[in-house]
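Reviewing the structure listed below.
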Amino acid sequence: APEKIKIGYISTLSGPAGSLGEEMLNAYRLGLEHTGGKLGGIPVELVTGDDQAKPQTAVQVARQMMERDKVSFFSGLLFSHVVDAVNAVVLPRDQIVVAPVGGSSETAGEKCNQNFFMVSWNTDTMFEAIGSQIAKSGIDKVAVIATNYQAGWDAAEGFKRGYGKAPTAEILVKLDQSDFGAELSQIRAADPKAVVVFLPGGSGIAFMRQFQQSGLQRTVVPYAATFQADETTFQALGTAAKGLMNAGPWSPYLDNPSNKRFVQAFREKYGRNPSILAAMSYDTVLLLDKAVSDAKGDVENPATFREALRRAKFPSIRGDIHFGNNHFPVQNFYLSKVADASGGGLHNELVGSIFEQRADAHQAKCTMKW
Amino acid sequence: MLSACKLQGGYGAVQVLFGADVQVDEGQVVALVGRNGMGKTTTIRMLTGELVPRDGEISFAGQSIVGVPEFRIARLGIGLVPEGRQVFPNLTVEEHLTVAARAGEGGRAWTVERVLDLFPRLGERQKQFAKTLSGGEQQMLAIGRALLTNPRLLILDEATEGLAPLVRREIWMCLEAVAKTGLSVIVVDKNIKALCRIAHRFFVLSKGKTVWTGNASEFAEAADVHRQYLGV
Amino acid sequence: MAILVEQVLNGINYGLLLFLIAAGLSLVFGVMHLINLAHGSLFMVGAFAAAAFAHITKNFLLSVICATLLAAAVGWLVERVIVRKLYARSHLDQVLATFGLILFANELLRWISGGVPQYVPSPGLFSGTVMLPGGIEYPAYRMMVTSIAAIAALAMWMVIAKTRAGMLVRASASNPTMVRHIGFDVGLISTLVFAVGAGLAGLAGALTGPLVSIEVGMGEQVLILSFVIVVIGGLGSIRGTFLAAMMVGLVDTLGRALMPLALSGIFSARAVSSFAPALSATLVYILMAVVLIMRPQGLFAR
Amino acid sequence: MRHLEKPVVLDLQRPTNVAARIVGGVRSYAANALLVALLALAPFLFESHIVGSLTRGMIYGMAACAVGFIIRCGGMVSFGHAAYFGLGAYSVLIAQKIGLTEALLIWPIAVLVSAAASLAIGSLSLRTRGVSFIMITLGFAQMVYFVISSVQGLGGADGLGLQARNQIGGVSLESPTRFHFVVLALLLVVFCVLSRVGRSPLGMALAGIRQNERRLKALGYNTTRLQLTAFVLSAAITGLAGALAAEFYLYVSPGLLHWIVSGELLVMATLGGVTALMGGLFGALVLLLAEVLISEFTTYWRMALGPVVIVAVLYLRQGLQPALQKMLGGGRD
Amino acid sequence: MTEPVLQLRALTKSYGGLIVTDNVDLNVLPNEVHALIGPNGAGKSTLIAQIFGEITPDKGAVLWCGEEITRIPVHQRVRKGLARSFQVTSVLPEFTALDNVRLATLASASSNPSAFEVAAANLTATERAQTCLERVGLATRSNARAEALSYGERRHLELAMALALEPRLMLLDEPMAGVGSDESHSLTAVLRDLRQSCAILLVEHDMDVVFALADRVSVLVAGRIVASGSPAEVHEDHEVKRAYFGEEDVW
Ligand SMILES: Nc1ncnc2c1ncn2[C@@H]1O[C@H](COP(=O)(O)OP(=O)(O)OP(=O)(O)O)[C@@H](O)[C@H]1O
Ligand SMILES: Nc1ncnc2c1ncn2[C@@H]1O[C@H](COP(=O)(O)OP(=O)(O)OP(=O)(O)O)[C@@H](O)[C@H]1O
Ligand SMILES: [Mg+2]
Ligand SMILES: [Mg+2]
């Protein structure tokens, strides 16, 4: 076993999304604090690199980490296109990637890889959960609005799968759109009871604010994935977030010892609940800690480390989870609702569970067996 | 009223003036003559503050104006009709006159009406943008604009350049009329004959240096000066 | 039919908003011939400042005024320290230096704000909707913003076209040396114009704040669109900028609304829904290309 | 272009003495020669990641030199060269998708694709001049950006990875050193072409167009066609650089087509000095190395870069290459 | 009678309501100097620009040796043998005088400038350029940058550039503007020399020059030709006196 484990931590640390990267890095560090700065008992060095949310930059950083820093494995990724780019240069060289977030339907399906592990979710599964929840509550007219790119298409597909049929209106908008006058009029014309939103970054914030001002909020219930409606966006959304229903595999109010320790420690440090991105980042550390210890520290041997990751029974803050054959988790999904917090501000109230031990829909397309 | 002594300087490292002098008294018309490129325009640029002399002294109405910014000098009462007209292409004739107008003292002050009386042609083209005026019209506009700032000293640099004989004559007649109002004038021109009619005093520039000064009759006599410094 | 009317209204609305953003840019270009890439950054400063002032004063109107003034003050400072040295330079140098300003401004604001998107509440009075004739329910805040933009447009046109100050500004645009010769301090005029342009950008940012996400980098998104508008309108022409902003607003909005319908006869639903947004995003640029090919100097060249 | 102070003048009066000519030649190319030597020796001197940065710098430098070329010759400020850069890169992606792996086939295709696009875009854009030209080139580049980023088969807005680097006649380019030398060789070829064209009657006419287009027309030159020729040449080179970028990153995404890339290429060209043949290369290397070095210490590295760029523009008016050349003893390239 | 090199037939151009060129008929014979005079704003420069192709006329035709060229672009007209000078000097400021002229000789040598030969190596072009500079008396200044030349020298340089094109007709728009009297003499001499090889359409306000050079004079007033004939005839023409010269000659 090596004396020290070097983690190649690539994330978006500058630019508009830099704050998300920072939130995740904070949680990752908190996780390492809780494991005593070690993984499986071996001291850890965190080598961080900023990808600027650009795949090309990420490739540069990843190469540098492999060649100069000789990292043991990669972690810390945020955006799916950056994950794809890093995977392209890293996986063929038998380096293992354990990403907290950023999995696309392709990496879960045809492009699944034995060296790639996704700790959190697949975007479309979350929207599958939303679709299924809306269907359950008997809503018959739904509008979907999503950004016109792979993740947006995944979200729309996932929704349809869960909902069981096509929505009344499906609107795709360009990346970074900030004016939604035309779209809100279209939604109003469709007269839906719910609107499902997948607009990443500032686009989503702009939509929610204009949605609030349009008066549609009185008749239409907005649904989104939890990572769009949590502590990372509350400040920017203000009252526009209130009433937003959201689905995800985790809530700060899940009742298990790991989660309690995490949430409490995070609150002490930052004075608010952790976001779901922070949670996934923290959970990654818990997974790695267990896997390294199972592999007896032999992280330099991909086969051993891979097996350990696959079968790690770690004390996840999400409770009971395990990896499917595509290295994406099989887990529960919960419904939350943004509401006023008792101490002022907003929080994500846990409403109930949607799916139990749900595997994503792409597992069948992945040929990997283990 | 204005006196410039031993002006030296030029553009960056290029020295153009090597001791140019000009003096103008109240109500006097002074002609500055010399061949092409001898530094007439450069001298004027120093008088109006566009260039700062490396050496020499300029005083106007009893105060030194070396290093004073151009717009302050203009406000002290120096009006310029520059070489090449320099009208504002995107302003109409009317707007030129509005923008330039600054109140002058007494009943003799120039007003828009008086300028339009002097140049009836401008009155006909009040709404036209200056870029669409012909050369002569632009020249009239440039003179009108300078007059409206109600200067105490008017400087004209090649005001008849590129104009038809008829218009040229018109401009000369206007200048004569203007000079009669008691305004001090410095005029640069190639037309020696016309200058002799209106100017009281002559300064001849050669290679950036004032080489001859004298009054109109002396100048008319000085055939050698004409030959040597003016090439006629 | 009603939806079409509503979409036209959306387009006009968006156009006026864009005008407010582009007006300052057009003014500065028109007078100083300066390509100011940092205009977007001033827009961003306005939005962030409004959020901060709203936090302190709890008063929307006050925060907008303060933000506008702050942006104007920043403009004043930037003009005196940096921009003034750029007037006599090539457009290329201007692009480069103001690009440097963008980098700096973005990082500075990221550092100050912690990189988290900011929030400014929409004012209580305008948080609801208004009922327009024809049964169109419309966000009151948008109506307010666009009326302010319309007033700003009118005021700018009046000042520039009708007042002596406006003439002076236009004169400085074409021949600053001659303006000095008739007794005006062109340096001061430039500083003032730049500050007014910055103030307009700040006002636009402060007013747009409640509609969008106030975040670092918001300036660059509006920057390109503003330049497109200024160029279509004819460089430096406020009237042209106004017309171009309306055209862009309408083309963009109607494109987004109608493109899927237009394509749906031809392609499969999947292709339509993914291709329509891309195509409507290019519409504005197609509009610009067509205008420039027909009239290289823009709609209203000076 | 109002203020390109140091013009491209064809000096007739070269020293006649051969020795003096050689010494003079070496001195007036000193900055360029040093840089090329540094690039050539880099794989033996530096760690691999620094070599990687230099390779990247050469790729962007090639594109920036092409951008600088049409400013110097033809007075065209293009804000849309990202389109040709991106098209070159996407050509590689598409070629690989249809099963090609021979670089000597793929790269010319990339060059042709970019050249063809620039022929169409350029002939429309060249109806305008000045700021309108800047904006219309940007407009066309944005169209290309939005269209390509909506094509699902090319990965949409996310882009796609390449399988591996292409080969030259069966020789793999996977080795960073080998790839570095291939890029360097291509860069030198590009410089030869640009230098030769710059001294030709065409280049002279183009330099004339920058100064006074109306005069050139009055001399009987079809100025628009000459400008189009230069524009297409520049775009073709940029396309080659784009293809190399695809090979370098092994990942192609619309980010390569984004207007910010056009802006960065302009910044590189100007920072390095548009009057200099190799200005763009200097600009690109300095900018990218600064990014790599400063970002080691802080994620706020742009806060330092901004003022550096501003100061460079205000006080280093000619750009880096001429300034360095002056330090090394006179002459120009 | 020889065929005119240039004929204008009912040429008309207006801006908005203002008719700048009004039904102008004009011809220029080979090797004649045809002067065009008229008050400021009469439309002389506009007419020159239409002949040269920079402005497209609304109506009428421009004929070159009998062939219609009303709508062909500038560079093709230059190839046919037209050249012009500008009312405001127009040279390439960053080039040397020699390179300015060489650009002209290279243009006349081939319609498509080569991209791969070295311009400086084209010795014939260089020699011809040098000859043209000599003809206008600028040989000693051939290596000075154009921006460093004096105004009068720049005027001469412009003529040299026009000469290098070996035109059959030169359009000269106020070649004497801004030039002092001694230089104006030398320019007049150059022009007199020039008429050996080509026809000249001369716009000029300096009547001394006009009467020294012109074979024929046409007078343009408010866009219309009001008189045309030999210099002496035009000088005595009543209409012209009223509109252009004015009655008495005190100034
Ligand atoms: N901006 C400038 N930069 C450098 N040199 C200049 C500049 N302007 C003029 N010069 C030079 O200064 C000298 C004097 O020029 P100036 O314009 O003062 O002459 P002038 O007597 O007015 O001539 P003209 O009769 O032609 O108007 C000339 O040799 C000219 O080339
Ligand atoms: N683009 C335009 N729009 C409107 N009017 C114009 C335009 N161009 C020229 N004009 C008008 O056409 C008339 C003729 O102008 P032109 O420049 O041809 O005169 P000119 O005879 O050359 O005068 P000068 O001797 O002063 O140079 C002028 O009255 C001018 O105002
Ligand atoms: Mg002069
Ligand atoms: Mg004229």
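Please treat every number below as a calculation from the coordinates, not as lab data. Predicted model, so just to flag it, every value in this text is computed and none were measured. Counting neighbours? That spans all protein chains shown, and the Cβs are built from the backbone with ideal geometry, glycine included.
For the protein assembly as shown, a crude dipole built from +1 on the beta carbon of Lys and Arg and -1 on the beta carbon of Asp and Glu, taken about the Cα centre, is about 560 debye to the nearest 20. Where the centroid of each part is defined by its Cα atoms, how far is region C:174-203 from region D:167-206 in Å? Rounded to whole Å, the Cα centres lie 48 Å apart.
Neighbouring Cβ atoms from other chains, within 10 Å of the Cβ of residues in B:156-169, number 5 on average. Could you tell me whether chain A comes out rounded, prolate or oblate from its Cα gyration tensor? Rule is a ≥ b ≥ c as square roots of the eigenvalues, rounded for a/c under 1.5, then prolate if a/b exceeds b/c, otherwise oblate. Here chain A falls in the prolate category. Radius of gyration (Cα atoms) of region E:182-232, expressed as a multiple of 2.2 N^0.38 Å: 1.22. Taking the number of Cβ atoms within 10 Å of each Cβ as an exposure proxy, the fewest-first ranking of B:145, B:54 is B:54, B:145. Expressed in units of 2.2 N^0.38 Å, where N is the residue count, the Cα radius of gyration of region D:35-259 is 1.04. Annotation for region A:232-310: GluC sites (Glu not before Pro) lying in DSSP loop with at most 15 further Cβ atoms inside 10 Å of their Cβ are A:300. In the protein assembly as shown, the DSSP beta bridges split such that about 50 percent are antiparallel, to the nearest 5. Per the Cα gyration tensor, region C:13-294 maps to an equivalent ellipsoid with semi-axes of 31, 24, 19 Å, ordered largest to smallest.
When you filter the GluC sites (Glu not before Pro) in region A:106-187 for DSSP loop state and at most 14 other Cβ atoms inside 10 Å of their Cβ, you are left with A:110.
Pairs over the 24 Å Cα-Cα cut-off, from the set A:260/A:313; A:260/A:369; A:70/A:365; B:193/E:241; B:6/B:40: A:260/A:369; A:70/A:365.
Consider all pairwise Cα distances in region C:237-302 and report the whole-number % of them above 17 Å. Percent of Cα pairs beyond 17 Å in region C:237-302: 48.
Partner shielding of C:291-300 amounts to 4, given as the average count of beta-carbon atoms from other chains within 10 Å of each residue beta-carbon.
Percent of C-alpha pairs per 5 Å bin in region D:252-333, short distances first: 3, 15, 20, 23, 19, 11, 5, 2, 0. The dipole here belongs to chain D: it is taken about the Cα centre, uses +1 on the Cβ of Lys and Arg and -1 on the Cβ of Asp and Glu, and is about 1360 debye. Per q in 0.09, 0.12, 0.13 Å⁻¹, report the Debye log10 I(q)/I(0) for region D:182-325, using one uniform scatterer on each alpha carbon and no solvent. Once normalised to I(0) and log-transformed, intensities are -0.36, -0.62, -0.73.
Think of region E:91-166 as a dipole: +1 on every Lys or Arg Cβ, -1 on every Asp or Glu Cβ, centred on the Cα centre; then among E:130, E:152, E:165, E:152 lies furthest on the positive end. Per the Debye calculation on chain B with a single equal scatterer at every Cα and no solvent contribution, log₁₀ I(q)/I(0) for q = 0.09, 0.14 Å⁻¹ amounts to -0.35, -0.88.
Look at A:253, B:229 and count the other Cβ atoms within 10 Å of each Cβ; fewest to most, that gives A:253, B:229.
The tail of the calculated P(r) for region E:35-79 beyond 16 Å holds 40 percent of all Cα-Cα pairs. Put simply, the convex hull of the Cα atoms in region A:226-370 casts, on average, a shadow of 9.9 nm².
Simple rule: put +1 on each Lys or Arg Cβ and -1 on each Asp or Glu Cβ in the protein assembly as shown, find the dipole, and look at B:213, A:201, B:111; the Cα lying farthest toward the positive end is A:201. Binning all Cα-Cα separations of region B:87-151 at 10 Å, short to long from zero, yields these whole-percent fractions: 25, 57, 16, 1. Of the two radii for region C:111-258, the radius of gyration is 1.03 times the Kirkwood radius, both from the alpha carbons; that is the Rg over Rh value.
Rounded to 0.05, the FRET efficiency of the residue E:212 and residue C:88 pair, given R0 = 30 Å and the Cβ-Cβ distance, is 0.10.
Seen against the Cα atoms of chain A and their longest principal axis, helix A:80-90 is set at about 20 degrees. In this entry, region D:164-244 is assigned a mean projected area of 6.5 nm², taken as a quarter of its C-alpha convex hull surface.
Assuming charge only on the beta carbon of Lys and Arg (+1) and of Asp and Glu (-1), the dipole of chain A about its Cα centre is about 400 debye to the nearest 20.
Sorting the segments C:225-231, D:111-117, A:193-199 by their residues' average number of neighbouring beta-carbon atoms within 10 angstrom, most packed first, yields C:225-231, A:193-199, D:111-117. The mean count of C-beta atoms from other chains within 10 Å of the C-beta of residues in C:204-217, rounded to a whole number, is 5. Projected onto its three principal axes, the C-alpha set of region E:91-166 covers 34, 23, 18 Å, listed from the longest axis down. Distances between every pair of Cα atoms in the protein assembly as shown, grouped in 10 Å steps from 0 to the bin holding the largest one, split as 1, 7, 14, 18, 18, 15, 10, 8, 5, 3, 1, 0 percent. A straight Cα-to-Cα reach below 14 Å connects residue C:85 with the aspartates and glutamates C:93, residues fewer than 8 places away in its own chain not being considered.
Let a ≥ b ≥ c be the square roots of the eigenvalues of the Cα gyration tensor of region C:35-190; is it rounded (a/c under 1.5), or, if not, prolate (a/b larger than b/c) or oblate? Cα axes put region C:35-190 in the oblate bin. For the pair region B:144-162 and region C:57-136, the centres of their Cα atoms are 45 angstrom apart.
This ranking places E:238, C:39, D:258 by how few other beta-carbon atoms lie within 10 Å of each, fewest first, which gives E:238, D:258, C:39. Of the complete DSSP H runs in chain C, those spanning 18 angstrom or more by Cα along the long axis with a mean Kyte-Doolittle score not below -1.0 are C:2-32, C:39-57, C:60-81, C:91-113, C:140-162, C:186-208, C:218-233, C:238-264, C:269-294.
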